[in-house]
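The values are calculated or read from the model by the stated rules, or taken from the named source; none is laboratory data. Not measured: the values here are computed from a predicted model. Neighbour counts are summed over all protein chains in view; Cβ atoms, including those assigned to glycine, are modelled from backbone coordinates with ideal geometry.
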Amino acid sequence: MKELSLNILDVTENSVKAGATLTTVCINESAENLELSIIDNGCGMDKDTVRAVTDPFYTTRTTRKVGLGVPLLKLAAEQTDGSFSIESSVDKENHGTRVDAKFIKNHIDFTPLGDVVSTVLTLIQGHPDTDFLFVHKNGKGEVRLDTRELRGVLGDVPLNTYDVIKWIEEYLKEQYDAIQ
């Protein structure tokens, strides 16, 4: 993928398909590294599936025979001499999945982060009943959006209404302007 924001979108879509009611996307960025964590409370995966999910020819979909989201994220991290890990649990009390990727930013193969604001907006528009917590930290500050907080303020107003989406877009852009 041409930008990491597309990897974030793909992996987070997997979380929603796994029944997650909350998906957290954390980006911690320093001058040297970019660390990405995507954590959900979905149904989780058994150990065999966790081992297989990084294989591009493994998928649970019936519409196509490949699943490239997780393998491409793993490749993007490892080709920068970074790291990748995935943990998952199907335990009734503590189920869900955690994906962590570390990228070395000054490596020639580092994929740019890309348009994270559009990624967050796409997730909220496409899944207005799912909660997302997005946090991006760098040395200058933090960008943060928690849809649970928005729901508390908006009440019955759906998150995917035009005015709400435009407000979220402006809110995120304003936060990004403050930390660049």
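Annotations for the structure displayed:
- Test: residue in segment 8-23 that is in contact (Cβ under 8 Å) with a residue 40 or more places away in the chain and assigned to a strand (DSSP E or B): yes
- Scanning segment 66-107 for residues that are within 17 Å of the chain's Cα centre (by Cα), part of a loop (DSSP other than H, G, I, E, B) and of a type in the set (Gly, Ala, Ser) yields a single hit, Gly67.
- For Ala18, the test of being closer than 23 Å to Val135 by Cβ, more than 9 Å from the chain's Cα centre (by Cα) and aliphatic (A, V, I, L, M) is passed.
- Matching entry among Val143, Val153, Val157, Val164 (being out of contact with any Asp or Glu (no Cβ under 9 Å at 6 or more places or on another chain), modelled with pLDDT of 95 or more, surrounded by fewer than 13 Cβ atoms within 10 Å (Cβ to Cβ) and of a type in the set (A, V, I, L, M)): Val153
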